[in-house]
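**Q** Have a look at this one before I ask anything.
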Amino acid sequence: MSNRRNFIKKAALGTIGVSTVNTWSSTFVSDQTSNLASSKKKPVIISTWNHGFEANDKALSELNIGKTALEAIVSGVGVCEADPNNRSVGYGGLPDREGKVTLDACIMDHNSNCGSVSFLQEIKHPIAVAKKVLIDTPHVMLSGKGAQDFAISNGFLKENLLTPESKKDWKQWLIKSKYEPVINMENHDTISMLILDGNGDLFGGCTTSGAAWKMHGRVGDSPIIGAGLFLDNDVGAAAATGLGEAVIRTAGSAMVVELMRQGKSPLESCKEIVERIYNKHRNSKDLNYLQVGFIAVNKNGDHAGYSLRSGFNYAIYDDENGNRMEDSQFKMSWNN
């Protein structure tokens, strides 16, 4: 009987112990879930140049009402594409040598799905067409008339994108017909946007009307995945601005991401690729007008911008400091 009473007593104590453990375990799991929720990443949005400030605002407002990051990018950079006073993106962009406004854009999601259009004419929002390429086709890039036909078949309207102001500047340029691309703080190109969303996933987009007075048919880096834009959702994202030929020669944005994969910070990665571009052009006359800049963000939300020459700035939004402009670090000034 004594042994039986001891067994029952121990069993009762064991039941209390299991109950206590189960209660603690339940509380622990609940606390862990709460901690995971509270540490969920806030959106980080980074865009090139001054016009990135308004683009960031629009993208953030889209995210806040439940839109996806892809939708936020299309709406955000779409603000710039529709602005006739923005002379380097979309409507109002400066034309090529023949007076034609030709547009390039690309977009990429966290699963490495891509959409791109190049040498697109008479369609105001190439970034939206690029998104349709990503979603509705098995391809990555459509170009020229094929891209335009695809856009029209999906409800986009043909429009004259050459504003009176840009036409006037083009006719003035024809007097000398001197092609010397200058990309600096007064005459820059492209808007690129990178988003690290609330789930910690990366997305990017890029849109431009390209270099003013370019040869008809020229395509720069902006629609090229790996040059003007690249991301790896395990690592980070990067995008370029400036003279596209220099970025293409180095697969610039892809190389920035690869350096982040090796453990370098966004700033170190951008700087190393700018240095690489400089070394490839240091003995070339191109260096006289060369400007290239990169923006980058890693999976932790750390961000940076770095350029070859002074004058490059970018808009950055994060939950802690809101939306603001930052001047990038640079290798050299314009009078060097």
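Quick note: the coordinates plus some simple rules give every number you see, no bench work behind them. Nothing here was measured: the structure is a model prediction, and the numbers come from that model. All Cβ positions, even for glycine, are placed from backbone atoms using ideal geometry, and neighbour counts span all protein chains on display.
**Q** Starting at the first residue of segment 318-333, write each ³J(HN,Hα) from the Karplus equation 6.51 cos²θ - 1.76 cosθ + 1.60 with θ = phi - 60°, in whole Hz, x for Gly and Pro.
**A** 9, 5, 6, 10, x, 8, 7, 9, 10, 7, 7, 6, 8, 7, 8, 8
**Q** Then there is this: Under the Karplus relation 6.51 cos²θ - 1.76 cosθ + 1.60, θ = phi - 60°, what is the ordered set of whole-Hz ³J(HN,Hα) values for segment 202-217, x standing for Gly and Pro?
**A** Going residue by residue, I get 9, 9, x, x, 8, 8, 6, 9, x, 5, 4, 6, 5, 5, 5, x Hz, with x marking Gly and Pro.
**Q** Which ³J(HN,Hα) values in Hz, rounded to whole numbers, follow from the phi angles of segment 173-178 under the Karplus curve 6.51 cos²θ - 1.76 cosθ + 1.60, where θ = phi - 60° and Gly and Pro get x?
**A** Taking θ as phi minus 60°, the curve returns 5, 4, 4, 9, 6, 9 Hz for segment 173-178.
**Q** Then there's this: Classify segment 245-326 as rounded, prolate or oblate, taking a ≥ b ≥ c as the square roots of the eigenvalues of its Cα gyration tensor: rounded when a/c is under 1.5, otherwise prolate if a/b is larger than b/c and oblate if not.
**A** Details: a/c = 3.01, a/b = 1.54, b/c = 1.95.
Cα axes put segment 245-326 in the oblate bin.
**Q** How big is the antiparallel share of DSSP beta bridges in segment 50-195, given as a percent to the nearest 5? Provide the component values of the computation, followed by the final result.
**A** Numbers: 6 of 9 bridges.
Counting DSSP beta bridges with both partners in segment 50-195, the antiparallel share is about 65 percent.
**Q** GLY92's amide H: which non-local residues (gap 5+, or another chain) put their own amide H closer than 5 Å, with H modeled 1.01 Å from N in plane and none for Pro or chain starts?
**A** Residues meeting the amide H criterion: THR163.
**Q** Using amide H atoms built 1.01 Å from N in the peptide plane, name the residues 5+ places from ARG309, or on other chains, whose amide H lies under 5 Å from its own.
**A** Counting only residues 5 or more places away or on other chains, the set is VAL292, LYS331, MET332.
**Q** Using only Cα atoms, locate the centre of segment 235-266 and the centre of segment 292-309, then give the distance between them in Å, rounded to an integer.
**A** When both Cα centres are located, 9 Å separates them.
**Q** Here are some pairs, LYS132/LYS271; LYS158/LYS214; LYS145/LYS176; which of them have Cα atoms lying more than 25 Å apart in this structure?
**A** Details: LYS132/LYS271 34 Å; LYS158/LYS214 22 Å; LYS145/LYS176 30 Å.
Pairs exceeding 25 Å: LYS132/LYS271; LYS145/LYS176.
**Q** Fully extended, how many nm does the chain gain between LEU174 and ASP234 (0.36 nm per residue separation, minus their Cα-Cα distance)?
**A** On the way: separation 60, 0.36 × 60 = 21.60 nm, distance 4.83 nm.
Value of the extension gain: 16.8 nm.
**Q** Which stretch or stretches of segment 97-128 have amide N atoms under 11 Å from the point lying 7 Å from HIS216's Cα along the Cα→Cβ direction?
**A** Flagged as within label range: 97-101.
**Q** Now for a separate question. With the crude spin-label approximation of a point 7 Å out along Cα→Cβ, what separation in nm comes out for ARG261 versus THR137?
**A** For ARG261 paired with THR137, the spin-label model returns 2.7 nm.
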